[in-house]
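See below for the structure under consideration.
The values are calculated or read from the model by the stated rules, or taken from the named source; none is laboratory data. Keep in mind the model is a prediction, meaning the values are calculated, not measured. When we count neighbours, we look across all protein chains shown, and the Cβ atoms used for this are built from the backbone with ideal geometry, even at glycine.
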There are 2 protein chains.
Amino acid sequence: MEDGLEILPVRGIGHIVAGDDLAELITAAAPWLADGDVLVVTSKIVSKAEGRLVEVPADGPEREQARREVLAGETARVVARRGPTTIVQTHHGFVMAAAGIDASNVDKTHLVLLPSDPDASARQLRADFRARGLDVGVIISDTMGRAWRNGLTDVALGAAGIEPIRDHRGETDPYGNELEITQMAVIDELAAAGELVKGKCDQVPVAVVRGYPRAGVRDSDGASVLLRDAGSDMFSLGTAEARALGLREAAQLPDGALPGRPVDPAAVDRAAATVAGLLSPALTVTAAEVVDGSGATAALHLTTRDTTPPGLMRLGADAHRLRAALAAESIVTLSLPHEDGLRLELSGN
Amino acid sequence: MEDGLEILPVRGIGHIVAGDDLAELITAAAPWLADGDVLVVTSKIVSKAEGRLVEVPADGPEREQARREVLAGETARVVARRGPTTIVQTHHGFVMAAAGIDASNVDKTHLVLLPSDPDASARQLRADFRARGLDVGVIISDTMGRAWRNGLTDVALGAAGIEPIRDHRGETDPYGNELEITQMAVIDELAAAGELVKGKCDQVPVAVVRGYPRAGVRDSDGASVLLRDAGSDMFSLGTAEARALGLREAAQLPDGALPGRPVDPAAVDRAAATVAGLLSPALTVTAAEVVDGSGATAALHLTTRDTTPPGLMRLGADAHRLRAALAAESIVTLSLPHEDGLRLELSGN
């Protein structure tokens, strides 16, 4: 049999209260802990030991109200809502349902918040083990949902003494191809492995991974390197929220100086196709000469054969349709009255 | 020491070609396999054994073109694009970068596709082991990115002989709370655990999980239960794509019969706030009586003091701004000429 990993449950830790010394309780429950082990510690017992609980009414609308207030306090921004589910980004940067606030495994008058700094908690716990002569890695884990896949998995909220990412960049496979898949989130995989021997109800809040190589560990490493900031995340908002954002942007299209970037004619054609059949039959759209000053790199003239008041109002609405369609193609516009119609000035954004 | 799991690498399997008998190769490499083990098998060797390779030019623009065509063939819908990255939903339902098509660990003239039916592949492989007298669970795994978190993890594409989800519904914790976190995607966690002993380059395409309870297994279970359909997914589109969708919807607001659902006055107020300061100072918006027929449950009259042609065009554009803002609040509208201005009829959607 080949050498591999062992994933071992730590039983008998019991209820944790604020001020408990987790390193002491864990070593008492697992006297077999050894140098090189990686501990996967459920965030809830870290939160409890750190006193990250808030008192709430046990039931009724007061409880719901209190819960909403606690959620608002933990929320940096709302990512998506549907029915009773609110997915937020926490102040730490985690994207989680209900900010990871949990009402399970605690009495009904309290809610458990995430540790305020899970990487710091992991570093402290690792230091506490070191003080007992044990050199272990520590991962603080919690359960999260994910996009696109049903079911939940455990991931790492905090880590110390373990490389968060195994980086294959620069490696080549046996065929000489440079690897495309480069960065494995190994602490999330270790947290998931630990969950397999933990239980939700049977008081196994710690798992030990034995045999995982911890080469190259720097104490500066933590789980926060796994947080993708909203700006570089292709899924920073829920689909419904982002769609509504687009609708609001269409409502708020500004009329101001344009950035003067080139306009892709194919993008203008796609925008025209978007509104095809929706514009007034009386409308004529023609490409117009660009005049310096506004920052436009292209322009369109909109005129109508129907110069009655309803016809002119329709021209205004049609121009706004076209502006929204152009915005969907990343073309910014400026609308100006021009002769008997409107002039749309265009720029890339 | 408590009883736990072992995660064991299977080394020495070597290169796989179409038609290879994986059960034979795996049992030869791991004669220590035992009943109850769960095998985590990298999808690539399943694809290779099943001949799921396509020939492509080794380099140049022809290779890129061929790659794009292969991707299009594997794509059911595009979820998000940014720069060189295309995230799609495959015909299987997986949401993956480049549809899981892989150019690593294969010679430069081929691309490896995902198995066409990974659950069927897992069932077949499990049956092949059974024919050799071994009762094992089989997970076919691959590496995926995810929203919100950097780094990749392995998840299950296919499974047989193992419950895909561990369901805690109905369980209560020691405090009497019913569990809120109910469904753990254990096959994804097993795939992640397996990845920890596999390598990207060193030819360890199979891991064995020993000691995981496989109670309650039905042969009908497969990894496809983990696929969330786009309709119930809050992240079915990338943020930029969904925002563009909203902009296009604003360009295409229809004028047709309304569904006759009640309108939330607070939503109208939010829409008005969206366009506050953007509408013409000459514009007046007043709540109007609802007339039967259109399906409207509320109506607004828009009039302007500026009845010059530019003023009337501005009224039309402002009405469209307001319609887009109302659409962002899930209010559908119908725009009709009315006296000297426009009448917007409103309904919930």
Matching option when the condition is modelled with pLDDT of 95 or more and over 16 Å from the mean Cα position of the chain (by Cα), among A:A103, A:A147, A:A122: A:A122
message: Given the options B:E289, B:E329, B:E345, name the one that is buried (at least 24 other Cβ atoms within 10 Å of the Cβ) and farther than 21 Å from A:A319 by Cβ.
response: B:E345
statement: Out of (1) more than 9 Å from every other protein chain (Cβ to nearest Cβ); (2) surrounded by fewer than 23 Cβ atoms within 10 Å (Cβ to Cβ); (3) under 22 Å from the mean Cα position of the chain (by Cα); (4) under 24 Å from B:I7 (Cα atoms), the one A:D135 does not meet is (3)
message: Can you tell me how many residues within segment B:97-142 are touching a residue at least 40 places away in the same chain (Cβ under 8 Å) and at positive phi?
response: 2
- prompt: Out of all the residues in segment A:243-260, which are within 21 Å of A:G348 (Cβ to Cβ) and facing chain B (nearest Cβ under 7 Å)?
  reply: A:L245, A:G246, A:E249, A:A250, A:Q252
- line: Across segment A:154-168, the tally of residues that are touching a Ser or Thr at 6+ places or on another chain (Cβ under 7 Å) and either at pLDDT 95 or above or away from chain B (no Cβ under 14 Å) (or both) stands at 5
- prompt: Do we find that B:A99 is within 13 Å of another protein chain (Cβ to nearest Cβ) and under 24 Å from B:D188 (Cα atoms) in this structure?
  reply: no
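Kindly indicate the residue of segment B:288-341 that is of a type in the set (S, T, Y) and touching a Ser or Thr at 6+ places or on another chain (Cβ under 6 Å) and also farthest from A:L336 (Cα to Cα) among those meeting that condition. Show your work before the answer.
Taking segment B:288-341 first, the residues of a type in the set (S, T, Y) are B:294, B:297, B:303-304, B:307-308, B:330, B:333, B:335.
Then keep just the ones that are touching a Ser or Thr at 6+ places or on another chain (Cβ under 6 Å); that gives B:297, B:303.
Numbers: B:T297: 35, B:T303: 21 Å.
Across segment B:288-341, the extreme among qualifying residues is B:T297.
Determine whether segment A:139-159 contains at least one residue that is among the acidic types (D, E), surrounded by fewer than 24 Cβ atoms within 10 Å (Cβ to Cβ) and either within 17 Å of A:G222 (Cα to Cα) or in the same structural domain as A:D102 (by the TED database) (or both). So that I can check it myself, show each step before the final result.
Pass one, segment A:139-159, residues among the acidic types (D, E): A:142, A:154.
Imposing the further condition that a residue be surrounded by fewer than 24 Cβ atoms within 10 Å (Cβ to Cβ) reduces the set to none.
There is no residue in segment A:139-159 that is among the acidic types (D, E), surrounded by fewer than 24 Cβ atoms within 10 Å (Cβ to Cβ) and either within 17 Å of A:G222 (Cα to Cα) or in the same structural domain as A:D102 (by the TED database) (or both).
Within segment B:239-279, restricting attention to residues that are assigned to a helix (DSSP H, G or I) and basic (K, R), which residue is surrounded by the most Cβ atoms within 10 Å (Cβ to Cβ)?
The initial filter retains those residues of segment B:239-279 that are assigned to a helix (DSSP H, G or I), namely B:239-251, B:265-275.
Now narrow it down to the ones that are basic (K, R): B:243, B:248, B:270.
Numbers: B:R243: 24, B:R248: 22, B:R270: 16.
Taking the candidates together, the pick is B:R243.
Report whether or not A:D188 is buried (at least 17 other Cβ atoms within 10 Å of the Cβ), acidic (D, E) and at the interface with another protein chain (Cβ under 9 Å from one of its Cβ atoms).
Working: buried (at least 17 other Cβ atoms within 10 Å of the Cβ): yes; acidic (D, E): yes; at the interface with another protein chain (Cβ under 9 Å from one of its Cβ atoms): yes.
Judged against the criteria, A:D188 is a match.
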- request: Scan B:L322, B:L334 and give me the residue that is touching a residue at least 40 places away in the same chain (Cβ under 8 Å), more than 20 Å from A:L253 (Cα to Cα) and buried (at least 19 other Cβ atoms within 10 Å of the Cβ).
  value: B:L334
field: Residue that is surrounded by the fewest Cβ atoms within 10 Å (Cβ to Cβ), among those in segment A:1-25 that are in contact with an Asp or Glu (Cβ under 9 Å, 6 or more places away or on another chain) and of a type in the set (A, V, I, L, M)
entry: A:A18
query: Tell me, which residue of segment B:43-95 that is in a loop (DSSP other than H, G, I, E, B), modelled with pLDDT of 95 or more and charged (D, E, K, R) is nearest to B:L114 (Cα to Cα)?
result: B:R52
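Among the listed residues A:A58, A:A18, A:A29, A:A66, identify the single one that is free of Cβ contacts under 8 Å to residues at least 60 places away in the same chain, in contact with a Gly (Cβ under 6 Å, 6 or more places away or on another chain) and at negative phi.
A:A18
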- request: Look through segment B:217-237, keep the residues that are in contact with a helix residue (DSSP H, G or I) (Cβ under 8 Å, 6 or more places away or on another chain), assigned to a loop (DSSP other than H, G, I, E, B) and in contact (Cβ under 8 Å) with a residue 40 or more places away in the chain, and return whichever of them is nearest to B:D167 (Cα to Cα).
  value: B:G222
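May I ask you to say which residue of A:V10, A:V88, A:V38, A:V54 is in the same structural domain as A:D229 (by the TED database) and under 23 Å from the mean Cα position of the chain (by Cα)?
Values: A:V10 fails: under 23 Å from the mean Cα position of the chain (by Cα); A:V38 fails: under 23 Å from the mean Cα position of the chain (by Cα); A:V54 fails: under 23 Å from the mean Cα position of the chain (by Cα).
Result: A:V88 is the single residue among A:V10, A:V88, A:V38, A:V54 that is in the same structural domain as A:D229 (by the TED database) and under 23 Å from the mean Cα position of the chain (by Cα).
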